[in-house]
Amino acid sequence: CYTANGADYRGTQNQTSQYAGKPCLFWNETFEHPYNTLKYPNGEGGLGEHNYCRNPDGDVSPWCYIAEHEDGIYWKYCEIPSCRMPGNLGCYKDHGEPPPLTGTSETSNKLTIQTCISSCRSQQFKFAGMESGYACFCGNNPDYWRYGEAASTECNSVCFGDHTQPCGGDGRVILFDTLIGACGGNYTSATAVIYSPDFPDTYGTGKACYWTIQVPGASQIHFSFALFEIKDATDMVELLDGYTYHVLARFNGKNRPPRTFNISLDFVILYFFSDEINQAQGFAIRYR
Ligand SMILES: *[C@@H]1O[C@H](CO)[C@@H](O)[C@H](O)[C@H]1NC(C)=O
Ligand SMILES: *[C@@H]1O[C@H](CO)[C@@H](O)[C@H](O)[C@H]1NC(C)=O
Ligand SMILES: *[C@@H]1O[C@H](CO)[C@@H](O)[C@H](O)[C@H]1NC(C)=O
Ligand SMILES: *[C@@H]1O[C@H](CO)[C@@H](O)[C@H](O)[C@H]1NC(C)=O
């Protein structure tokens, strides 16, 4: 899972939770419901001849049907421990006084994950938390978990500004590292994930961002794109030699990257550029 709502989840959990969950129905047998393999025969949304949790409809989390007919509860969100985008720190309980993050807070009826993250990042906070779909908390509290972690399915309030994103829940705050979606940064750790600017919102127009990846002692850096959605031929991602600024690779909507590749250097610069038209989800790249 690299997207905030797990639309890219392709794992094999086939019940709504690992302990005492409800078994999921097979997508090739749910013809009474809108999502099934007859309507989506080409694997759209990850549907197929299986009963794995999926998010084909842009909901806030993967789910599955648990009953043939639409009376009573016939679908449920799946609680999938592994389905958390890197940088999403989890869903936590909030009893109010004091909240898990004690920096600043604000509310907005246009809240998205990234509007909250950007606001916290611009105030130099390390963490951003969203609650009830419209509240944004910033802070540096390393003990944000002190009231306990909640099931990810309890953070299922949609963000008021983007109904495909989860923005916490009732008394539940979803926490993110404010590095997510920054335009640029300096990385020195042995492994990390770098997201396109504004992620998980679509990237903005007119961006030019640089990230340095310098891993002292490395003989090569291994890259893998977990996500690459750039539709335009002028919006692009480049990798440059950190010492000479020589362009090693350039990817865009016409020239997609291989899933993985290596660069035999210990210092690489990642560059992203977007023009004034066409926005898209962007990218998530893991290096190691
Ligand atoms: C889920 O998958 C496991 C492993 O493939 C299998 O043993 C189990 O029977 C499946 N459960 C359901 C409800 O389909
Ligand atoms: C759905 O797919 C499963 C797994 O391939 C298969 O066992 C089952 O018979 C299929 N159901 C139908 C109605 O084709
Ligand atoms: C990264 O390092 C460069 C050079 O030291 C510095 O100019 C830049 O502000 C740093 N960027 C961030 C986002 O910290
Ligand atoms: C990258 O390097 C690793 C380790 O040397 C190797 O196992 C892998 O096959 C390489 N991958 C590519 C795409 O060249």
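Side notes on the structure shown:
- Failed condition for Gln214, given (1) farther than 29 Å from Gly90 by Cβ; (2) of a type outside the set (D, E, K, R); (3) surrounded by fewer than 15 Cβ atoms within 10 Å (Cβ to Cβ): (3)
- Number of the condition not met by Glu70 [criteria: (1) assigned to a loop (DSSP other than H, G, I, E, B); (2) farther than 30 Å from Pro41 by Cα]: (2)
- For Glu44, the conditions (1) without any contact (Cβ under 8 Å) to a residue 60 or more places away in the chain; (2) buried (at least 16 other Cβ atoms within 10 Å of the Cβ); (3) within 20 Å of the chain's Cα centre (by Cα) are fulfilled apart from (2).
- The C-beta contact set for region 5-31 (first residue free of Cβ contacts under 8 Å to residues at least 24 places away in the same chain and part of a loop (DSSP other than H, G, I, E, B), second residue of a type in the set (Asp, Glu) and within 16 Å of ligand 2 (Cβ to nearest atom), distance under 6 angstrom, 6+ apart or interchain) comprises Asn28/Glu49.
- Tally of residues being within 16 Å of ligand 4 (Cβ to nearest atom), more than 17 Å from Ala208 (Cα to Cα) and either assigned to a strand (DSSP E or B) or in contact with an Asp or Glu (Cβ under 9 Å, 6 or more places away or on another chain) (or both) across region 229-276: 6
- Region 198-228 - residue that is small (Gly, Ala, Ser) and within 16 Å of ligand 4 (Cβ to nearest atom) and, of those, nearest to Ala182 (Cα to Cα): Ala226
- When each of Tyr52, Tyr35 is tested for being within 13 Å of ligand 1 (Cβ to nearest atom) and assigned to a loop (DSSP other than H, G, I, E, B), the lone residue that passes is Tyr52.
- Filter pass, Phe261 being at negative phi and surrounded by 19 or more Cβ atoms within 10 Å (Cβ to Cβ): no
- Every residue from region 9-31 that is surrounded by fewer than 19 Cβ atoms within 10 Å (Cβ to Cβ) and either of a type in the set (S, T, N, Q) or modelled with pLDDT of 95 or more (or both): Arg10, Gly11, Thr12, Asn14, Ser17, Gln18, Lys22, Pro23, Phe26, Asn28, Glu29, Phe31
- Test result for Glu276, of a type outside the set (Ser, Thr, Tyr) and exposed (fewer than 14 other Cβ atoms within 10 Å of the Cβ): yes
Okay, residues lined up against (1) of a type outside the set (Ser, Thr, Tyr); (2) within 16 Å of ligand 2 (Cβ to nearest atom); (3) free of Cβ contacts under 8 Å to residues at least 24 places away in the same chain; (4) not in a strand (DSSP E or B):
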residue: Ala182; (1), (2), (3), (4): yes, no, no, yes
residue: Ser189; (1), (2), (3), (4): no, no, no, yes
residue: Pro200; (1), (2), (3), (4): yes, no, no, yes
residue: Tyr203; (1), (2), (3), (4): no, no, no, yes
residue: His222; (1), (2), (3), (4): yes, no, no, no
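- Every test in (1) in contact with a strand residue (DSSP E or B) (Cβ under 9 Å, 6 or more places away or on another chain); (2) crowded, with 19+ Cβ neighbours inside 10 Å; (3) modelled with pLDDT of 95 or more is passed by Glu79 save one, and that test is (1).
- Residues of region 96-134 that turn out to be part of a strand (DSSP E or B) and not acidic (Asp, Glu), as a count: 6
The values are calculated or read from the model by the stated rules, or taken from the named source; none is laboratory data. Nothing here was measured: the structure is a model prediction, and the numbers come from that model. We place every Cβ from the backbone using ideal geometry, glycine too, and count neighbours over all the protein chains shown.
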